[in-house]
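Okay, so here's the structure we're looking at.
Please treat every number below as a calculation from the coordinates, not as lab data. Only a predicted model underlies this, so the values are computations on that prediction, with no experimental measurement involved. Please note: Cβ atoms are built from the backbone with ideal geometry, for glycine as well, and neighbour counts cover all protein chains shown.
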Amino acid sequence: MNARHIDHVNLRIPEDGADEAREFYGQQLGFGSEDALYAADEKPFFDVRLSATAVIHLWPTDEFEAPTKTNYDHVAVVV
């Protein structure tokens, strides 16, 4: 089987890290943020739109564990 693309990825971020994540993905990398439902407390995560078919779901949570070494969960995007 060959996958055509990744539809979405789920990443936990610090509970108070939504603004920093929006700045990083939106202002620094230039991706769109879809967070109206998150802002309205209608869903527990917000989206970063990488393309028409690819999304990163960012989940602010107190269960986030900061990396302690250099090998940590991440997404590598080729543009």
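Annotations
- Full extension of the chain segment joining N10 with E42 gains 9.8 nm, where the gain is 0.36 nm per residue of separation less the Cα-Cα distance.
- For region 1-61, the list of GluC sites (Glu not before Pro) that fall in a loop by DSSP and count at most 13 other C-beta atoms within 10 angstrom reads E15, E42.
- Relative contact order %, the chain, counting alpha carbon pairs below 8 Å whose residues are six or more apart: 37
- Within the chain, trypsin sites (Lys or Arg not before Pro) in DSSP loop having at most 15 other beta-carbon neighbours inside 10 Å: R4, K69
- Global size of the chain as Cα Rg and Dmax, reported in angstrom: 13.2, 40
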